[in-house]
1. With r as the distance between the Cβ atoms of B:I367 and B:A333 and R0 = 30 Å, compute the FRET efficiency 1/(1 + (r/R0)^6) and round to 0.05.
2. Be a star and scan segment B:199-229 for residues whose amide nitrogen sits under 16 Å from the point 7 Å along the Cα-to-Cβ vector of B:K470.
3. May I ask you to rank A:M132, B:M97, A:M137 by accessible area, largest first, using a 1.4 Å probe over the protein chains only?
4. Largest first, how would B:K413, B:K122 line up by accessible area (1.4 Å probe)?
5. Which number comes out as Rg/Rh for segment A:5-136 once both Rg and the Kirkwood Rh are worked out on C-alpha atoms?
6. Not counting ligands, DNA or RNA, and with a 1.4 Å probe, what is B:S455's accessible surface area in Å² rounded to the nearest 10?
7. Can you give the extra length, in nm with one decimal, that the chain gains between B:S282 and B:A115 once fully stretched, where that is 0.36 nm per residue apart less the Cα-Cα distance?
8. Please list, in order, the residues from segment B:391-417 whose amide nitrogen is less than 15 Å from a point placed 7 Å along the Cα→Cβ vector of A:Q152.
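The values are calculated or read from the model by the stated rules, or taken from the named source; none is laboratory data. These numbers come from a predicted model, not from an experiment. Cβ placement follows ideal geometry from the backbone for every residue including glycine, while neighbour counts extend to all protein chains displayed. Please note that ligands, DNA and RNA were not included when accessible areas were found on the heavy atoms of the full protein model with its side chains. Shrake-Rupley method; radii C 1.70, N 1.55, O 1.52, S 1.80 Å.
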Amino acid sequence: MSSNQDLDNFVGLSAILTGFSADDLNPQFSPQPVAVEYLQTLQAKVAAPLVTQLLTTYQTIAAQFPAAEQPAQVQVQILTDPQMGPVARNIIRMWYLSIWYDGYDTGPVTGFSPGTVVSSNAYTKGLAWDAMQAHPMGYSEMHYGYWATPPQADDSTDAGSSANGNSSGGGQA
Amino acid sequence: MRFSRPMICMIILSGLACMGGGGCTPVQPPANTNATPAATATANNTSAAPTPPPGTLGPAIPHDANFSDNPQTLAAIQHDFDVFSWQSFVALNWPAMPDGSADPGKIIGADGDGAVVWDGYKEPYEVFLPDGSTPTPWGQQQLPAQCRNLGPPGDKVLQMTQKVSDDVLDASGQPFGTGPLVDQQNGRYVRYEIRINRDTYDYIVQNTLYNKEGQQAFTQLIQFPKGTNPSSQAPDAPVGSIVIKAAWKVIDPAQGDIPGRFHKVQAYVYTRASDNPPTPPSCELKTVGLVGFHIAHKTASAPQWVWSTFEQVDNVQVGHDAPPGTKANFFDAVSTYPVNTPPPRPWNPNAVLPPDKRSQVKRVIPIDDATKALNAQWQAWLGGVNKDSVWQYYELVSTQWPTQPNASPTGPKPAGDPAPPFLANATLETYIQGNTPNVSSSCIMCHNNATTTNSKFSDFTYLLERAHKKGGGK
């Protein structure tokens, strides 16, 4: 089972990897926190020492560098690392597409790589849909006729349009 | 986001003080009810039952939830909304005066069962008239022709035999396979009723949303009024829109019903003409008992509305303090009829189904332990008013609320990530219980699909789909 420390590190690292704010990724009152499911998936799919290495590397970066410098450090220390890099990239895919892709550590993931949708809850919460203001097939909260108006920069939802890295804090008061 | 604790100037009066009559003004609900019953028991309370904190059992409908101080957690906010649900349930079922308002000289259940506050609310068929004309003013009722001249007047007209009426069956009900619910005691169809409060009615009438032309002409975003708790700055803050959906079953002691466990009314049970099977319109006067109760209330802290749902405690299993031999309303261990499955077609609302075809309902998501504890507390308080009170035999299933209340209605996630994610009443969402997104019952998620007759978002209520054209027609 993961500790809160693991979850905090996972969410902090994920915020840098995805460009969404930590609050967008793991809202304070989320009734079904997808971050918890993703961390559990990571822990089930990747050897424990590597997961620990990944999270502690991030924790050290977060402790040593100001926020503005952390993304560059994640790039240098994690994404270019031959062990941690592929895992980190698979975490990005998991957040955006709600799928854990197998074989991520044996070469680049192709369009037809086998993978598993993390859960029905995760399926509805892929960041790809938030980033493009669209919805996954078969699940939409948007109101009838939304397609007739251009997507708007919307900072008022739990996963607003902060995919550019300027995290909006979810726009919550 | 913080769920803020409103600064209200509270006048706290003991609810029990109302029993003595005299000047008992509506009381503000307390900010929280964490006080233990023992700590607040008064010396003049001779019964063994615990006394609620002062003002808890009151006739004032809360305008919004009151949030306790830090730490705010999902569970703490859920508790605050659950308390709001119980306060609303008590206030809506408070004894009514002839004009429909709460009788401040009475206390719920003290003098037995009788007319309650929401009986005075309007029904949709009175608002969305077949010819699209202006509805009758607040406080006047119109009866279907078959129900006139039936002798003594009934309290209610119950028309709906399915969870979704014919008017809107093409909306979102049909794909979910809704069907009728049949009780174990009588083999009769459960009937449904919808009522709207004054703020809802006024918004519809003032904006001419009661006919198609009016809806077409209304080009703004539909936004029903939000409730805000009164404060010294805003003593007249609105209660906000409240919409109720109730489920009733026929009560017949000869068939094993225990009338003392139900809120009961005399109702005209009205059945519209139908082709399959061929059925003429009919109207019978029956005693019916409340088995399910939805409250949707739009508030400042929940623009996606707060969704409270209550049940009679014997619905899916026999509840507390039942006399020996009591049978559940919708479950019989010896029946072989499949669980959570609608009755066989054709569906005839006037039919009396044989025992082996009566509904077998199981609750798929159990009531949360914290809500169960809160239920026991309120049931004890209601039983403390009068040991025979019917109101102690109701339970809150849960309250659904938006964890992201600021979500924009025109954005990609307008539903505001509701908690709990799924919620169903065994008598109203019987056949769609579960926890599959887009399939299982979630009040907010489904009501997020509600539209006007010209397909515009209708602010979470399906009411506006009932409008007809001016002069008649769909």
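1. Calculated transfer efficiency: 0.90.
2. B:205-219
3. Details: A:M132 105, B:M97 65, A:M137 155 Å².
Result of the area sort, largest leading: A:M137, A:M132, B:M97.
4. Correct descending sequence by accessible area is B:K413, B:K122.
5. 0.94
6. Taking all protein chains as shown, B:S455 has close to 40 Å².
7. Details: separation 167, 0.36 × 167 = 60.12 nm, distance 2.49 nm.
Once the chain is fully extended between B:S282 and B:A115, it gains 57.6 nm.
8. Correct set: B:406-415.
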